[in-house]
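The values are calculated or read from the model by the stated rules, or taken from the named source; none is laboratory data. Not measured: the values here are computed from a predicted model. Heads up, the Cβs are rebuilt from the backbone with ideal geometry, glycines too, and the neighbour counts pull from every protein chain shown. Accessible surface areas use protein heavy atoms only, side chains included; no ligands, DNA or RNA. Shrake-Rupley method; radii C 1.70, N 1.55, O 1.52, S 1.80 Å.
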Amino acid sequence: MPTYVPIMLDCENRVCVMIGGGQVAERKVKELLAGSPLVTVISPTATPALRQYHEQGKLKWVPREYAEGDLEGAFMVHAAANDPEVNKSVSAEAKARGILANVADHPDLGSFIHPSVLRRGRLLIAVSTSGAGPLAARTIRKKLENDFGTEYEEYLDALYFMRKMIQEQVSNSAARQKLLRKASSPGVLEPPSQGEFRPWSPEEIKQWINDNQEE
């Protein structure tokens, strides 16, 4: 069993190819689109949702079978065709070109697998069982949904804004790093409690910066 290295990929404006147009492809495309890549679906058929994405300009649909050479210029590929032999061919081309590949029916033929993902604005929690059981990963993720509600979106936006103000207003590098560390510590901008969160106003943040620089 491979030991996976967890990473967060920036796929914005990168070419991501999906081979296959069924339910598995649809599920993976939905997750991909959150990262704003340039998605191309190659498949003779496509689910209604994939067709709709194509009509809305969210992806490009090439209505034909996969052919060798389709991965030229791609950053990532998902092999999700109904034919295992097609997926093997996609995997082989991806490996030859050094392209990141996910193979739906044979994960060991690819270079990465998908975790079960919980998104709360800037917060992204990924759960993986390293291929032992996708259903188990989804069950664990659902448990996390209760601990990390939608209020975490506002909390992390507020923390980002506070850090940005510190970076803009404090020119001294040592003082700036000290304040950035302190901003995330207990007792400052507290994480949500029981579903409630009150962000600080720009005036409150500015006052906190001034007070703590004088320490």
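Matching residues to (1) open to solvent by 50 Å² or more (accessible area, probe 1.4 Å); (2) part of a helix (DSSP H, G or I); (3) among the hydroxyl-bearing types (Ser, Thr, Tyr); (4) closer than 19 Å to residue 8 by Cα:
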site	(1), (2), (3), (4)
149	no, no, no, no
154	yes, yes, no, no
158	no, yes, no, no
164	yes, yes, no, no
**Prompt:** Which condition does residue 114 not pass, out of (1) open to solvent by 30 Å² or more (accessible area, probe 1.4 Å); (2) closer than 18 Å to residue 15 by Cα; (3) modelled with pLDDT of 95 or more; (4) not hydroxyl-bearing (Ser, Thr, Tyr), if it passes all the others?
**Reply:** (3)
**Request:** Could you figure out which of (1) open to solvent by 40 Å² or more (accessible area, probe 1.4 Å); (2) part of a helix (DSSP H, G or I); (3) farther than 21 Å from residue 26 by Cα isn't true of residue 175?
**Result:** (1)
**Request:** Would you mind finding the one in 87, 82, 102 that is closer than 28 Å to residue 120 by Cα and either open to solvent by 60 Å² or more (accessible area, probe 1.4 Å) or not β-branched (Val, Ile, Thr) (or both)?
**Result:** 102
**Asked** Going by the conditions given, is residue 43 at pLDDT 95 or above, within 23 Å of residue 128 (Cβ to Cβ) and among the hydroxyl-bearing types (Ser, Thr, Tyr)?
**Response** no
**Message:** Suppose we filter 82, 87 for residues that are modelled with pLDDT of 90 or more and touching a helix residue (DSSP H, G or I) at 6+ places or on another chain (Cβ under 8 Å); which single one remains?
**Reply:** 87
